[in-house]
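The values are calculated or read from the model by the stated rules, or taken from the named source; none is laboratory data. This is a predicted model, so every value here is computed, not measured. Positions of Cβ are generated from backbone atoms using ideal geometry, with glycine treated the same way; all protein chains shown enter the neighbour counts.
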């Protein structure tokens, strides 16, 4: 009888994880989880994960007082939420921790008015979890590089080019919203973070109004064209071409022989421009999954 009882006890499901909202008091625990997690997803952009503390939904999962998982889906812009972080402590199943965090996250993004969720699957291991939660692949982010010693020629002069400043951000957020589809738009706050990290930031004006801009970074690994946007009403006039040539020339003068960028795999206009200027796809691609919030 005792052996049967022990057998039944061993088959009991583990106690459900305790789900809490992350706060400033969790900073150290989240930092430790991120540094030690075997299964970890962090979105590729300018936002530091710990900088999201205070934004919601940013959730944590605890087992007997120990943090074993975290998930953040803060909206930006207001109707879109990307999965910014999902991390799981060693010894725990990503699927199990996701199943504990996901229902609460979904309720909270719905209450916040979010219409669409998106995930950039960098590691590949998230796909079955995402598809099991209703996400579907919609496109991919593809990476390109330029490593040609010969600079492409600019079109007729790039008048109205100047350094981008923080005073430009309100107008740039409007421009960005016109230039990109909903999940790819950046808020003024995120553009401000990008500007702080940029080594080259340029804007093109017409009649005193910004019609295009670019943000690029540089490091020991090379230069990267991080953001390029042209107002739709000013496209097909060579502004995007000249901005890219401007970026390549700037970094070539600084001794960089390689410049990278990424864009949506279905961005035919952008891909055509970049390839015409000497960029080639590296073969690196990350799928994008989306889900509509009902």
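Working carefully through the options 215, 271, 248, find the one that is in the same structural domain as residue 148 (by TED's automatic domain parsing) and either at positive phi or assigned to a strand (DSSP E or B) (or both).
On the way: 271 fails: either at positive phi or assigned to a strand (DSSP E or B) (or both); 248 fails: either at positive phi or assigned to a strand (DSSP E or B) (or both).
Being in the same structural domain as residue 148 (by TED's automatic domain parsing) and either at positive phi or assigned to a strand (DSSP E or B) (or both) holds for just one of 215, 271, 248, which is 215.
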Only one of 223, 229, 201 is in the same structural domain as residue 260 (by TED's automatic domain parsing), free of Cβ contacts under 8 Å to residues at least 60 places away in the same chain, in contact with a strand residue (DSSP E or B) (Cβ under 8 Å, 6 or more places away or on another chain) and farther than 17 Å from residue 162 by Cα; which? 223
Quick one: residue 68 ticks every box in (1) surrounded by fewer than 21 Cβ atoms within 10 Å (Cβ to Cβ); (2) farther than 17 Å from residue 46 by Cα except a single one, so which number is it? (1)
Which condition breaks for residue 119 when tested against (1) out of contact with any helix residue (DSSP H, G or I) (no Cβ under 7 Å at 6 or more places or on another chain); (2) touching a residue at least 60 places away in the same chain (Cβ under 8 Å); (3) under 22 Å from residue 50 (Cβ atoms)? (1)
Could we say that residue 162 is touching a strand residue (DSSP E or B) at 6+ places or on another chain (Cβ under 7 Å) and not assigned by TED's automatic domain parsing to the domain that holds residue 86 here? yes
Can you name the number of the only condition in (1) crowded, with 16+ Cβ neighbours inside 10 Å; (2) farther than 30 Å from residue 294 by Cβ that residue 109 fails? (2)
Which of the numbered conditions does residue 99 fail, given that it passes all the others? Conditions: (1) on the phi < 0 side of the Ramachandran plot; (2) loosely packed, with under 13 Cβ neighbours inside 10 Å; (3) free of Cβ contacts under 8 Å to residues at least 12 places away in the same chain. (2)
Note on residue 139: of the conditions (1) farther than 17 Å from residue 225 by Cα; (2) out of contact with any helix residue (DSSP H, G or I) (no Cβ under 9 Å at 6 or more places or on another chain); (3) not in a strand (DSSP E or B), unmet is (3)
Leading residue by the ranking (surrounded by the most Cβ atoms within 10 Å (Cβ to Cβ)) among those in segment 253-294 that are touching a helix residue (DSSP H, G or I) at 6+ places or on another chain (Cβ under 6 Å) and within 29 Å of residue 125 (Cα to Cα): 259
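Please verify whether segment 52-60 includes one or more residues that are under 15 Å from the mean Cα position of the chain (by Cα), within 30 Å of residue 225 (Cβ to Cβ) and in the same structural domain as residue 96 (by TED's automatic domain parsing). Before the answer, list the steps.
Applying the first criterion (under 15 Å from the mean Cα position of the chain (by Cα)) to segment 52-60 yields 52.
Narrowing the set further to residues that are within 30 Å of residue 225 (Cβ to Cβ) leaves 52.
In the following step, the residues that additionally are in the same structural domain as residue 96 (by TED's automatic domain parsing) were identified as 52.
Yes, segment 52-60 has at least one match.
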